[in-house]
Amino acid sequence: YDIAELKRLDLAHHLPAQADYKLLEDIGGSRIITRAEGSTIYDGEGHSLLDGMAGLWCVNVGYGRDELARAAYEQMLELPYYNTFFKTVTPPPVRLATKIAEKMSVGNPDLQHVFFNSSGSEANDTVLRLVRYYWQLKAEPDRNIIISRRNAYHGSTVAGMSLGGMTFMHAQGGPMVPGIEHVRQPYAFNEGFGEDPATFTQACVDDIEARILSVGPDKVAAFIGEPVQGAGGVIIPPEGYWPKVEALCRKYGILLICDEVICGFGRLGQWFGHQHYGIKPDVIAMAKGLSSGYLPISAVGVSSKIVDVLKTGGDFVHGYTYSGHPAAAAVALANIEIIEREGLVERTRNDTGPYLAKALKRLDAHPLVGEARSLGLIGAVEIVAEKGTNHRFGGKEGTAGPLVRDLCIKNGLMVRGIRDSIVMCPPLIITHEEIDRIVDIIEQSLNEAEPKLRA
Ligand code: PLP
């Protein structure tokens with residue numbers, strides 16, 4: 001590749017997602033990633049990086065899987081595309097829906113149906129229309145409020161960002177979709193520091209109940225949340241949180257939606273994150289790990305209770321050109337086969353997940369580390385100014401994460417910096433040696449950051 005030319009053309013014509021276009025110009029353009037293998041990515045300038053983010057929380061089976069390329073190739077030769085609008089369907093989405101139903105109905109036998117889309121954001125658009133339409137068909141059209149959490153991320157479409165609770169996203173390109181309420185997030189390190197976990201959990205749940213009561217229980221359609229918030233900063237709720245939220249939903253007859261876009265397909269050591277918490281959502285959104293990012297595909301899992309109601313409404317006038325795309329579905333099926341064959345869910349639960357948790361414990365001794373937490377193969381390191389507190393660097397709040405992230409990248413590790421934390425989400429094929437390397441590089445980068453942060 002002519003990297004200099006690619007950078008020049010990128011700046012001239014391409015607008016990358018979620019980017020500061022002026023900053024990209026100032027730094028001479030984006031890093032050009034040219035290939036990847038296993039858990040390692042390579043740029044066109046001779047650098048290799050251990051991919052501590054599995055791409056963007058998605059490459060669960062790692063890079064370089066011929067099998068997935070072949071699945072796409074063979075399906076494209078046979079039938080590259082056909083739609084599901086004309087009472088038509090192709091074989092791969094049927095098989096994929098069946099496979100997803102098998103996985104998501106474990107412990108939740110009512111979760112049997114699947115609606116396909118191409119991205120996590122689209123999946124959440126589907127979720128929003130679906131649950132509101134459900135209540136319309138049930139002759140309760142006023143039940144249209146969705147309760148979400150502050151700092152949640154549910155995508156970047158208008159519906160996705162409105163469902164999400166990131167105020168800096170709401171501030172750009174609004175107005176938002178109306179009827180979405182944001183409540184407290186179970187972020188113990190930031191919002192319940194030093195509090196008894198049970199008391200903190202109850203306070204979060206009480207906040208949801210107070211909002212249900214203030215908007216009116218008969219106006220609330222659904223509660224949505226990620227089992228573990230990813231982009232919010234890998235917020236792992238206290239163990240009692242989800243069962244209490246589920247009980248609240250049942251108490252007021254509110255639908256429970258889990259956004260499994262990050263947590264699905266093994267990330268928390270179960271096929272779906274909600275299975276770790278033993279709850280039974282009515283609707284789930286999934287994407288990313290569904291195809292390990294090899295082709296864009298997402299899905300919404302829907303319970304029979306809801307589908308029975310949809311059957312009373314005639315056409316559900318919703319869906320996309322690429323809903324049930326045969327090549328994407330064929331790749332997703334082959335991806336799930338790899339996860340099954342290599343036991344990646346069990347390995348995450350019993351081996352690599354606990355290994356990551358143990359490796360991160362080493363960082364507890366570091367003077368900048370307030371907390372190092374993980375569940376399965378997703379984790380975060382909180383950076384603080386004063387050991388034993390959650391105090392950030394005064395005047396530099398929000399900068400420690402990006403600073404340490406940049407140092408990690410320089411040192412050969414791709415991670416993300418979210419405010420004053422570093423987050424990681426490696427491929428599920430990550431080895432012990434690679435986990436050790438992730439932790440070593442974070443430690444080294446914290447050491448290098450410390451004088452800069454204390455200056
Ligand atoms: N939901 C969650 C929890 C996500 O993390 C993301 C993306 O990071 C989305 C939805 C949106 O998915 P996409 O970027 O595929 O639209």
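Summed over the range 179-202, the residues that are without any contact (Cβ under 8 Å) to a residue 24 or more places away in the chain and either open to solvent by less than 20 Å² (accessible area, probe 1.4 Å) or touching a Cys at 6+ places or on another chain (Cβ under 7 Å) (or both) give a count of 1. Count of the range 159-174 residues, restricted to those that are open to solvent by 40 Å² or more (accessible area, probe 1.4 Å), among the hydrophobic types (A, V, I, L, M, F, W, C) and in a helix (DSSP H, G or I), is 1.
Residues checked against (1) in contact with a Leu (Cβ under 8 Å, 6 or more places away or on another chain); (2) modelled with pLDDT of 95 or more; (3) of a type in the set (A, V, I, L, M, F, W, C):
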residue	(1), (2), (3)
ASP125	no, yes, no
ARG129	no, yes, no
ALA159	yes, yes, yes
ALA188	no, yes, yes
VAL220	no, yes, yes
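Residues that are over 27 Å from LYS138 (Cβ atoms), open to solvent by 50 Å² or more (accessible area, probe 1.4 Å) and of a type outside the set (Lys, Arg): does the range 215-224 have at least one? No, the range 215-224 contains no residue that is over 27 Å from LYS138 (Cβ atoms), open to solvent by 50 Å² or more (accessible area, probe 1.4 Å) and of a type outside the set (Lys, Arg). Does SER148 qualify as being within 25 Å of ARG373 (Cα to Cα), within 12 Å of the ligand (Cβ to nearest atom), in contact with a His (Cβ under 8 Å, 6 or more places away or on another chain) and among the polar types (S, T, N, Q)? The answer is yes for SER148.
Annotation: ALA231 fulfils all but one of (1) in contact (Cβ under 8 Å) with a residue 60 or more places away in the chain; (2) surrounded by 20 or more Cβ atoms within 10 Å (Cβ to Cβ); (3) more than 20 Å from the chain's Cα centre (by Cα); the unmet one is (3). No other residue among LYS244, LYS280 is in contact with a strand residue (DSSP E or B) (Cβ under 9 Å, 6 or more places away or on another chain), touching a residue at least 24 places away in the same chain (Cβ under 8 Å) and of a type in the set (Lys, Arg) apart from LYS280.
Please verify whether LYS452 is in contact (Cβ under 8 Å) with a residue 12 or more places away in the chain, in a loop (DSSP other than H, G, I, E, B) and either over 20 Å from HIS47 (Cα atoms) or not basic (Lys, Arg) (or both), treating the condition exactly as stated. Considered against the rule, which asks whether it is in contact (Cβ under 8 Å) with a residue 12 or more places away in the chain, in a loop (DSSP other than H, G, I, E, B) and either over 20 Å from HIS47 (Cα atoms) or not basic (Lys, Arg) (or both), LYS452 comes out as no. PRO93 meets all of the listed conditions (1) more than 15 Å from the ligand (Cβ to nearest atom); (2) at pLDDT 95 or above; (3) surrounded by fewer than 22 Cβ atoms within 10 Å (Cβ to Cβ) but one, namely (3). If you go through the range 159-208 and keep only what is of a type in the set (A, V, I, L, M, F, W, C) and within 12 Å of the ligand (Cβ to nearest atom), you end up with ALA159, MET161, LEU163, MET166, MET169. I'm told SER323 meets every condition in (1) among the hydroxyl-bearing types (Ser, Thr, Tyr); (2) under 27 Å from TYR134 (Cα atoms); (3) within 13 Å of the ligand (Cβ to nearest atom) except one. Can you identify the failing condition by its number? Condition not satisfied by SER323: (3). Cβ-Cβ distances below 7 Å connect the following pairs, each with a first residue in the range 329-353 that is closer than 18 Å to PRO93 by Cβ and touching a residue at least 60 places away in the same chain (Cβ under 8 Å), a second residue that is open to solvent by 20 Å² or more (accessible area, probe 1.4 Å) and hydroxyl-bearing (Ser, Thr, Tyr), and a separation of six or more residues or different chains: VAL331/TYR294; ASN335/TYR294. Take the range 133-158 and flag every residue that is out of contact with any Lys or Arg (no Cβ under 6 Å at 6 or more places or on another chain), among the charged types (D, E, K, R) and surrounded by fewer than 18 Cβ atoms within 10 Å (Cβ to Cβ). Residues satisfying the conditions are LYS138, GLU140, ARG150. ASP110 meets each of the listed conditions (1) under 25 Å from MET424 (Cβ atoms); (2) open to solvent by 20 Å² or more (accessible area, probe 1.4 Å); (3) touching a helix residue (DSSP H, G or I) at 6+ places or on another chain (Cβ under 6 Å) apart from (1). Count of the range 1-20 residues, restricted to those that are aliphatic (A, V, I, L, M), surrounded by 10 or more Cβ atoms within 10 Å (Cβ to Cβ) and assigned to a helix (DSSP H, G or I), is 5.
The values are calculated or read from the model by the stated rules, or taken from the named source; none is laboratory data. Keep in mind the model is a prediction, meaning the values are calculated, not measured. FYI the Cβ positions are ideal-geometry reconstructions off the backbone, even for glycines, and counts take in every protein chain you see. Heads up: the accessible areas ignore ligands, DNA and RNA and are worked out on the full protein's heavy atoms, side chains in. Shrake-Rupley method; radii C 1.70, N 1.55, O 1.52, S 1.80 Å.
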